[in-house]
């Protein structure tokens, strides 16, 4: 009906042809909103077949909900009535229901007394998409640049003007409102020492098309020195002439300072390690050498190349190598410090004593990273110790000869005076003999220590009844004491394996100590029993006791109880050291339990003889 | 047959030789001392009833002398008591065939006892 209404009224077909070929959609509707014409673009735009829309009400094309539709239509009518035209973006709906935007122009048209609406619509969805993508890209870029603190700059070569992004301003600490000017102004911001290098790179990029990627220092507007990294591309015209340079600049001050301080600390380490008077080396987690300093090379007469990995083994004296290997493997496994005095062999055959210590390097999370080692040449010290030990041995021996004579003379005289009936003089000589025994015991201790130090303490191992030895020792010490009674407690006979004379020495030492350090008491208790396949001997006194803090050091060489007792109890501080060495060599243990002011109990164990022997 | 048992004392220290001689003479022994390198020949010549032999003598090795004397028919019957300031050499003394061992400094009763042990009365 509507179609017939329109077509006969069109005087010429040409304008219709124009309408049909327009890229914008065109629709004509009656005053009350019924469509009387749509061109091909309109039908395509809305997804209808040719002429399908004719006769339909325009609201079929709207995406507005019914409640909005009336309001919007009224607004459009109002605008048309006052201005004769309405223009704006319109939300539309395709036949398949998909919404899209158009830019619409609606005009009213009176033709032969009838009113029509003419609507021209341009599809906006494509443009919207492009706009959105552009805006999105730019936004993403801005966020990325800001997050990376990357400043962007453009240098227009034609005008010589430089333009900066916000971040570039921030990097250079320049107020946003300031015009950054031309290339020549930029070079003034570059740190003096770096200007030539920067200009050289710029020229090479412009003239030789070399990549521009450079780190240099700039002096910011606030006077701070910063390291920046800049990468740039040169844009060229069709003739290859540079038109502009576009670059990105990043503040790398922190990274650069870290690099510099790392390099400095490495340099410090190298200098320190190169000039250190002690040998230094590093090992990896497998125990292979990864670094040695010149002093270590010198001490061991080995180069780094020779020592690398397991090469160091070649420098170690063959007799010491098995022991070193065993201890080294166990130190790595247990993650403990490796400490050992070993011999190294120089290429010319010289043997040097070195003291090697390797401390484990363990990461925070417990991973074993390797070791830090030191090597010290202790040959001089070892030789001096040997000389000292030889001297001590010699001195003790030489001292014993006259003491032997004196003792023999004293006893000879004692006998002669006794024979003559001069008991008084005889008793004086007897006292002299006691003092000679004290002197002999001191000399023996010195000799024992020198032997222990030289590793020459020889033991004569046999099986013997410990009870018998204890009784003998108690009797010998009891004779010398008028003040103390030595009680002996035992669970029956025990046969032990050891050096009888040396064990006797230990018992005697513990007994004389017990009496010496309990002047206010009158009792010493000796006990022996079996424990875990060992004979356990204890010597208990009720004397001054030993403070807890001193108990560990009691068995050290030259250790003497300090403080008020030092003057009261003379001695060389060798007795317990010798005892502990003897017991240790006999596969036993020695220890003390003591309460200050109440007394001490010294314990030692010694292996029982094997059954059936 | 000798009147008194004869003890020979070999030591490089004159003080010790002197006092040991006095002690043993007091106990009724005859004593011959030797302090130079002639121990071996003197023992062969003198044929003592007991030899007190110091293990460490300058110019002479007590162990070597002991081994030598114990290997000779003319002297191997002579009891030898090794004397040393070093306890640890007891084993060495036994190893070279000595009959007993005495540690310096010693009690004279011990000395006399060790000598008397080897004298057949």
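Just so it is clear, none of the values below were taken in a lab; they were calculated from the coordinates. Everything numeric here is computed off the predicted structure, so don't read it as measured data. Quick reminder, even Gly has a Cβ in these numbers, built from the backbone with ideal geometry, and neighbours come from all protein chains shown.
Each of the peptides A:91-102, A:519-530, A:415-426 was scored by the mean count of other Cβ atoms within 10 Å over its residues; in descending order, highest first, they stand as A:519-530, A:91-102, A:415-426.
Between segment A:48-73 and segment A:80-146, the C-alpha centres lie 15 angstrom from each other.
Legend: ranking of residues A:351, A:375 from fewest to most surrounding C-beta atoms inside 10 Å; resulting order A:351, A:375. Each residue, residue A:114 and residue A:394, gets one label point 7 Å from its Cα in the Cβ direction; the gap between the two is 14.4 nm.
Each Cα pair under 8 Å and six or more residues apart adds its separation to the average, and for segment A:293-354 the resulting relative contact order is 31 percent.
Between residue A:313 and residue A:261, the contour length at 0.36 nm per residue exceeds the Cα-Cα span by 15.1 nm.
In percent, rounded to a whole number, the relative contact order of segment A:41-107 is 31, using alpha-carbon pairs under 8 Å and six or more apart. Using just its DSSP H runs of length 4 or more, each adding -39500 (n - 2.57), the protein assembly as shown gives a mean residue ellipticity at 222 nm of -13500 deg cm²/dmol after division by all residues. Against chain A, whose longest principal axis is taken from its Cα atoms, helix A:125-147 shows a tilt of about 30°.
Multiplying the residue separation of residue A:200 and residue A:379 by 0.36 nm and subtracting their alpha-carbon distance yields 58.4 nm.
As a proxy for reagent exposure, ranking B:96, A:300 by other Cβ atoms within 10 Å from fewest up yields B:96, A:300. Counted over segment A:438-578, the DSSP beta bridges are approximately 65% antiparallel. Normalised by 2.2 N^0.38 Å, where N is the number of residues, the alpha-carbon radius of gyration of chain A equals 2.12. Taking Cα atoms only, the orientation of helix A:466-480 departs from the longest principal axis of chain A by about 60 degrees.
Here the spin labels are modelled as points 7 Å beyond Cα on the Cα-Cβ line, and at residue A:208 and residue B:41 they lie 10.2 nm apart.
Which whole-number percent is the relative contact order of chain B (Cα, under 8 Å, 6+ apart)?
Relative contact order, chain B: 23 percent.
Shielding by partners for peptide A:293-303, expressed as the average number of C-beta atoms from other protein chains within 10 Å of each residue's C-beta, is 0.
Give the average, rounded to an integer, of partner chain Cβ atoms located within 10 angstrom of each Cβ in A:582-593.
0
Take the Cβ atoms of residue A:305 and residue A:154, set R0 to 51 Å, and the FRET efficiency comes out at 0.40.
Just rank A:602, A:14, A:555, fewest to most, by other beta-carbon atoms within 10 angstrom. Intermediate results must be reported in sequence, preceding the final value.
Working: A:602 24, A:14 9, A:555 19.
The order, fewest Cβ neighbours first, is A:14, A:555, A:602.
Multiplying the residue separation of residue A:459 and residue A:237 by 0.36 nm and subtracting their alpha-carbon distance yields 69.9 nm.
A crude spin-label estimate for the pair residue A:532 and residue A:387, with each label 7 Å from Cα along the Cβ direction, gives 4.5 nm. Largest first, the extents of the alpha carbon coordinates of segment A:243-308 on the three principal axes equal 65, 25, 24 Å.
Using only Cα atoms and rounding to the nearest 10 degrees, what angle (0 to 90) does helix A:66-83 make with the longest principal axis of chain A? Once rounded, one gets 50 degrees.
Peptide B:96-107 shows a mean partner chain C-beta count of 3 within 10 Å per residue C-beta.
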